[in-house]
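Encoded as structure tokens, the structure appears first; notes follow it.
We did not get these values from a lab; they are worked out from the coordinates using the rules stated. Remember, predicted model here, so these are calculated numbers, not experimental data. Cβ sites come from the backbone with ideal geometry, for glycine too, and all protein chains shown count toward neighbours.
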Amino acid sequence: MKAAQISKYGGKEVVEIKEVPKPAASGGHVIIENHAAGVNPADWKIREGYFHQFAPLKFPATLGGDFSGVVAEVGNGVNEFRKGDEIFGQAIAIGGGSGSFAEFVSADAKKVAKKPRKASHLEAAAVPLAGVSAWQALAEHMNLSKGQKILIHGGAGGIGSFAIQIAKHTGAYVATTASADDLDFVKNLGADEAIDYKKQRFDELLKNYDAVFDCIGGETYARSFKVLKRGGMIVSMLEQPNKELMEQHGVTAISQFTQVTSEKLAELAKLIDAGAIKIHIDKTFPLDETADALEHLQNNHPRGKVVIEIN
């Protein structure tokens, strides 16, 4: 089978398309005939060695985490899935999977779920990490509820585009930051207020918000504390909690490490099948152009998700 692998850390040049053995079905895992793989910022960061100190790769390593495909084999101890089931989930190498930028994938059965019926494989592959990131922040950490106000940074991106839709489905009032070119896009996703982050200062426009979901980090994160009311919460995908700002503003700050599970994926599948979430794909690439797909995500600001078409 074909797979996109690296044998050392580096830039675009280290990604190679190789013929490699199909993974074997180990206990607790399923083997998937892969149809599509979603691309996340974590994928190019892994390629460059960002996480090598706490999660080193065993080379050669297949890149990619998110996938959607059909169960080809079931390992011992797996009772929830059977051959022929359409599933989606996570198979990232640093998380115990075999990597999803490949024609066949081994994934932990606890990190996959039945594919949404109303989504294609290309669409379903775009969901796992970004969708669960949004779900975990809003539903689990914030417990966001009807009538609350949330600011979502980076609303046009992979995580942000899911977060806007989940927040609106919850009944929250949603403000978001985006570039001028993306303001109409985020409003179509359901944002009540769209702020051009280059021309407008969100911290001067918004006050007394219940929650902020930060997918940007840096100065944006620090300024976001001003937007929250006392007792509010900020969840960041990038920054560690700032205790000084927490005490100054009387708010809770959380740094999120996303954990993709079958249960969270199943919740997202329900929302997709109910029409509450629409999946937006910015661009697709064939498996042979995986290096270009990673570069596109790294150097641009895609609307929604980038996906690799495999079968």
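What is the set of long-range amide H partners of HIS280 at a cut-off below 5 Å, with H atoms built 1.01 Å from backbone N?
Those qualifying (amide H under 5 Å, at least 5 residues apart or on another chain) are LYS305.
Rounded to the nearest 20 Debye, what is the dipole magnitude of the range 130-255 about its Cα centre when Lys and Arg each give +1 and Asp and Glu each give -1 at the C-beta?
320
Considering only MET246, VAL39, VAL235, whose Cα is most displaced toward the positive end of the charge dipole of the chain, charges sitting on Cβ of Lys, Arg (+1) and Asp, Glu (-1)?
Checking the options against the dipole of the chain, the answer is MET246.
Longest exposed-loop-site-free stretch of the chain, with chymotrypsin sites (Phe, Trp or Tyr not before Pro), DSSP loop and at most 12 other Cβ within 10 Å?
By the stated rule (loop sites, at most 12 other Cβ atoms within 10 Å), 55-256.
Can you pull out the trypsin sites (Lys or Arg not before Pro) in the range 36-141 whose DSSP state is coil and whose Cβ has at most 16 other Cβ atoms within 10 Å?
Answer in residue order: LYS58, ARG82, LYS83, ARG117, LYS118.
Going toward the positive end of the dipole of the chain, with +1 on Lys and Arg Cβ and -1 on Asp and Glu Cβ, which of THR62, TYR9, ALA269 do you reach last?
Projecting each Cα onto the dipole axis, the largest value belongs to ALA269.
In what order do HIS29, HIS35, HIS141, HIS52 fall by count of nearby beta-carbon atoms within 10 Å, going from fewest to most?
HIS52, HIS141, HIS35, HIS29
With P(r) over Cα pairs in 10 Å bins from 0, in percent as the read-out, I listed (1) 6, 29, 38, 23, 4, 0; (2) 6, 21, 24, 18, 16, 12, 4, 0; (3) 7, 28, 33, 22, 9, 1; which label goes with the value calculated from this structure?
Here P(r) over Cα pairs in 10 Å bins from 0, in percent agrees with entry (3).
What is the magnitude of the charge dipole of the chain about its Cα centre, with +1 placed on the Cβ of each Lys and Arg, -1 on the Cβ of each Asp and Glu, and no other charges, expressed in debye to the nearest 20?
Charge dipole, the chain, about its Cα centre: 620 debye, nearest 20.
When ranked by the protection proxy of mean other Cβ atoms within 10 Å per residue, highest first, what sequence do the peptides 295-302, 281-288 form?
281-288, 295-302
Where does the chain land at 222 nm, in deg cm²/dmol rounded to the nearest 500, when only DSSP H runs of n ≥ 4 count, each adding -39500 (n - 2.57), divided by all residues?
-7000 deg cm²/dmol
Charges at C-beta only: +1 for Lys and Arg, -1 for Asp and Glu. How large is the resulting dipole of the range 200-263 about its Cα centre, in Debye rounded to 20?
I would put it at about 240 debye.
Among THR62, THR220, rank each residue by its count of other Cβ atoms within 10 Å, from fewest to most, as a rough exposure measure.
Going from sparsest to densest Cβ surroundings: THR220, THR62.
Relative to the first principal axis of the alpha-carbon coordinates of the chain, what is the inclination of helix 290-299, with its axis defined by its Cα atoms, in degrees from 0 to 90 and to the nearest 10?
So the helix axis and the longest Cα principal axis differ by about 10 degrees.
Order of 186-194, 237-245 by packing, highest average Cβ count within 10 Å first?
186-194, 237-245
Quick check: net charge around GLU140, other residues with Cβ under 11 Å of its Cβ, Lys/Arg +1 and Asp/Glu -1?
Neighbour charge sum, excluding GLU140 itself: -1.
Past the 23 angstrom mark, what percentage of all C-alpha to C-alpha distances in the range 137-223 do you count?
The calculated P(r) of the range 137-223 puts 11 percent of pairs beyond 23 Å.
Cβ under 12 Å from ASP282's Cβ, ASP282 left aside: what net charge do those residues give with Lys, Arg +1 and Asp, Glu -1?
Its environment carries a net charge of +2.
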